[in-house]
């Protein structure tokens with residue numbers, strides 16, 4: 001089977017920043033998020049040997065979720081001042097690795113990853129892995145799509161297929177949206193139904209299957225759950241919409257465009273030299289020796 005890996009750029013970028021101390025170059029440029037992300041990328045090449053790669057990024061433009069619910073993600077603290085100035089340099093390196101970068105005004109990286117994964121699932125002989133730190137992506141797990149999340153730093157990961165999702169949340173991947181509709185999500189400030197929580201949400205979904213069926217059987221519920229659901233029906237369904245990854249974003253998808261191509265090693269080495277990434281230069285040399293020949297295709 002061929003392997004497509006789709007990376008949630010912003011999630012891994014943030015993860016890399018918070019996993020490393022804020023080190024700088026001799027000229028004072030902060031580089032910890034760049035370093036952590038690129039180290040992860042090289043490890044990914046060496047350990048996973050993907051046939052296809054893509055990275056999705058959020059944009060600053062308001063998304064349809066923000067327009068629907070102005071407090072969406074409103075509880076998040078402002079990013080550290082030295083985080084986002086690192087992003088242009090990182091994108092330069094990603095470009096030199098010749099990896100497609102997906103961005104679309106009005107859509108989050110999740111929606112672009114979901115759309116690309118959904119379209120790739122229609123292809124024969126391709127397994128899809130989504131690398132992200134965002135739990136929303138668990139709704140995308142399917143027989144052909146695995147979610148991989150960092151568990152320590154950015155290089156140790158855990159893979160989630162349906163069994164692992166069910167073990168973690170008590171619900172199937174296709175129930176994750178309704179799970180969040182009921183339990184909410186503090187990281188994205190999705191309200192959910194106040195007072196029910198994750199345990200109650202998983203118990204209700206195990207018994208009734210989905211949000212619609214729960215509301216069809218309100219009279220069977222214990223009084224506390226019944227009243228909370230009755231009083232917050234509109235919020236529950238709004239939360240459901242906020243939690244849903246849109247797999248039909250306006251994204252043209254041609255699997256061949258994601259093929260792993262020859263890395264522009266001279267440009268990467270020049271950038272590593274400017275950023276004083278001596279240890280990553282050594283890693284890059286290892287990569288040259290280990291990347292499989294069939295992945296070294298013609299340049300764009």
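The values are calculated or read from the model by the stated rules, or taken from the named source; none is laboratory data. It should be emphasised that the depicted structure is a prediction, and the values quoted were computed from it without experimental measurement. Here the Cβ is made from the backbone with ideal geometry for all residues, glycine too, and neighbour counts use every protein chain on show.
Observations
- Any chance residue 82 is surrounded by 14 or more Cβ atoms within 10 Å (Cβ to Cβ), at pLDDT below 95, in contact with a strand residue (DSSP E or B) (Cβ under 6 Å, 6 or more places away or on another chain) and closer than 29 Å to residue 275 by Cβ: yes
For every residue, the table says whether it meets (1) modelled with pLDDT of 95 or more; (2) touching a helix residue (DSSP H, G or I) at 6+ places or on another chain (Cβ under 9 Å); (3) in a loop (DSSP other than H, G, I, E, B); (4) outside the structural domain of residue 175 (by TED's automatic domain parsing).
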site: 263; (1), (2), (3), (4): no, yes, yes, yes
site: 266; (1), (2), (3), (4): yes, yes, no, yes
site: 270; (1), (2), (3), (4): yes, yes, no, yes
site: 287; (1), (2), (3), (4): no, yes, no, yes
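- Yes/no for residue 139 being buried (at least 19 other Cβ atoms within 10 Å of the Cβ) and more than 25 Å from residue 40 (Cα to Cα): no
- Any chance residue 144 is over 19 Å from residue 235 (Cα atoms), at pLDDT below 95 and within 17 Å of the chain's Cα centre (by Cα): no
- Taken as a whole, the condition of being modelled with pLDDT of 95 or more and over 18 Å from the mean Cα position of the chain (by Cα) applies to residue 88.
- Meets criteria (free of Cβ contacts under 8 Å to residues at least 60 places away in the same chain, surrounded by 18 or more Cβ atoms within 10 Å (Cβ to Cβ) and not assigned by TED's automatic domain parsing to the domain that holds residue 38) for residue 204: yes
- Residue match in the range 287-299 (condition: touching a residue at least 60 places away in the same chain (Cβ under 8 Å) and closer than 30 Å to residue 27 by Cα): yes
- Within the range 170-190, restricting attention to residues that are outside any helix (DSSP H, G or I) and without any contact (Cβ under 8 Å) to a residue 60 or more places away in the chain, the residue that is farthest from residue 68 (Cα to Cα) is 170.
- Residue 199, sole failed condition from (1) touching a residue at least 60 places away in the same chain (Cβ under 8 Å); (2) surrounded by fewer than 15 Cβ atoms within 10 Å (Cβ to Cβ); (3) assigned to a helix (DSSP H, G or I): (1)
- Residue in the range 32-48 that is farther than 25 Å from residue 157 by Cβ, surrounded by fewer than 17 Cβ atoms within 10 Å (Cβ to Cβ) and free of Cβ contacts under 8 Å to residues at least 60 places away in the same chain present: no
- Where a residue in the range 75-87 is closer than 13 Å to residue 18 by Cα and its partner, wherever it lies, is assigned to a loop (DSSP other than H, G, I, E, B), with Cβ under 7 Å and at least six apart: 82/22
- Summed over the range 111-143, the residues that are out of contact with any strand residue (DSSP E or B) (no Cβ under 7 Å at 6 or more places or on another chain), part of a loop (DSSP other than H, G, I, E, B) and either without any contact (Cβ under 8 Å) to a residue 40 or more places away in the chain or under 24 Å from residue 189 (Cβ atoms) (or both) give a count of 4.
- Checking residue 165 against (1) in contact (Cβ under 8 Å) with a residue 60 or more places away in the chain; (2) buried (at least 20 other Cβ atoms within 10 Å of the Cβ); (3) within 18 Å of the chain's Cα centre (by Cα), the condition it does not meet: (1)
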